[in-house]
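A short worksheet on the structure shown next.
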Amino acid sequence: MKPVPERTTSTVRRKPAAEVRAWIYDRTIAGLTRGWYRRVLQHLPAGARMLDVGIGTGGAIARNAELIRSKDLCILGIDIDADYLYRCTKVLSLARLTDHVTPRLESVYEHNGGPYDAVYFSASFMVLPDPVGALNHIKSLLAPEGRVFFTQTFHHTRTPVMEKIKPVLFRVTTMHFGRVTYERDFRQVLREGGLHLDQLATMGRTLNASYRLAVAHPRRAKDRSASEPFTRATVAPVNLQHRGLSQS
Ligand SMILES: C[S@@+](CC[C@H](N)C(=O)[O-])C[C@H]1O[C@@H](n2cnc3c(N)ncnc32)[C@H](O)[C@@H]1O
């Protein structure tokens with residue numbers, strides 16, 4: 001499947017404020033998420049088709065250009081923010097990624113492409129208004145052995161201050177930091193969305209939080225039932241090499 005270039009972002013020059021907004025975003029978030037993308041992209045088989053939900057300014061993906069080209073990956077990056085996508089189009093072009101990554105102004109809830117070997121949420125899952133609805137939707141876009149990847153921050157203990165600060169930060173900076181996510185809630189959302197969690201790996205830590213990679217697939221009959229609580233043992237790494245998708 002080659003990227004479909006329809007409904008790409010407008011090339012009409014944007015207001016300076018919009019460009020500054022996208023630039024600030026790129027400088028602050030993409031430095032961190034670059035490594036997260038690398039972690040996921042490294043484990044995709046050559047020629048894989050991936051849907052990047054919330055590609056943002058493309059800064060993180062562009063910093064992995066060499067890896068994307070060497071694996072001949074085919075990525076469709078969707079986002080609802082026209083300012084970010086305007087910058088993304090330029091960033092992808094500068095990184096010589098236009099043959100591999102196509103940005104498109106579209107919400108995950110409206111997207112109907114595929115089938116995809118991977119659907120990836122990098123710091124975008126916790127900004128969605130209806131995460132369960134998003135999972136139910138993207139499940140239908142996956143190839144039979146397709147996987148869903150998430151990279152994001154998890155908070156370890158309840159942090160009411162952070163829960164209050166995040167929406168304020170959004171109003172001040174216009175950058176979406178999403179809801180504070182706890183592991184228990186995340187697992188619950190995956191269960192409700194019909195996904196089976198294969199792996200939850202820690203990539204880095206701060207004092208009260210960790211950056212994690214989660215890998216999941218649509219629940220099948222042989223997976224544990226939805227009502228059965230997850231335990232550490234149920235998320236022990238599983239070898240997915242035989243499916244062409246590895247997990248860690
Ligand atoms: C924190 S940013 C992450 C950007 C990029 N994935 C990264 O990791 O550097 C979250 C992105 O999700 C986008 N987003 C929010 N709601 C969305 C939706 N319904 N469909 C697609 N993208 C969405 C936002 O506009 C934003 O660009």
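Is it true that some residue in the stretch 35-52 is on the phi > 0 side of the Ramachandran plot and within 15 Å of the ligand (Cβ to nearest atom)?
No, every residue in the stretch 35-52 fails to be on the phi > 0 side of the Ramachandran plot and within 15 Å of the ligand (Cβ to nearest atom).
Confirm whether TYR109 is near the ligand (Cβ under 8 Å from one of its atoms) and in a loop (DSSP other than H, G, I, E, B).
Working: near the ligand (Cβ under 8 Å from one of its atoms): yes; in a loop (DSSP other than H, G, I, E, B): yes.
It is true that TYR109 is near the ligand (Cβ under 8 Å from one of its atoms) and in a loop (DSSP other than H, G, I, E, B).
Just the residues that are of a type in the set (Val, Ile, Thr), assigned to a strand (DSSP E or B) and over 16 Å from LEU44 (Cα atoms), please, taken from the stretch 67-106. Even if it seems obvious, please write down each step before you answer.
Initial filter on the stretch 67-106 (of a type in the set (Val, Ile, Thr)): 68, 75, 78, 80, 89, 91, 98, 101-102.
Going one step further and asking which of them are assigned to a strand (DSSP E or B), we end up with 75, 78, 101-102.
Residues satisfying the conditions are ILE78, THR102.
Could you grab me the full set of residues in the stretch 78-106 that are near the ligand (Cβ under 8 Å from one of its atoms) and at pLDDT 95 or above?
As a first pass, look at the stretch 78-106 and keep what is near the ligand (Cβ under 8 Å from one of its atoms): 78-81, 84, 106.
Scanning the stretch 78-106 gives ILE78, ASP79, ILE80, GLU106.
Assess whether ALA118 counts as being under 13 Å from the mean Cα position of the chain (by Cα) and part of a strand (DSSP E or B). Before you say what the answer is, go through the steps one by one.
Numbers: under 13 Å from the mean Cα position of the chain (by Cα): yes; part of a strand (DSSP E or B): yes.
Yes; evaluated as a whole, the condition is true for this residue.
Considering only residues of the stretch 121-153 that are touching a helix residue (DSSP H, G or I) at 6+ places or on another chain (Cβ under 6 Å) and in a loop (DSSP other than H, G, I, E, B), which is farthest from LEU213 (Cα to Cα)?
LEU128
The values are calculated or read from the model by the stated rules, or taken from the named source; none is laboratory data. Predicted, not measured: the structure shown is a model, and the values here were computed from it. We place every Cβ from the backbone using ideal geometry, glycine too, and count neighbours over all the protein chains shown.
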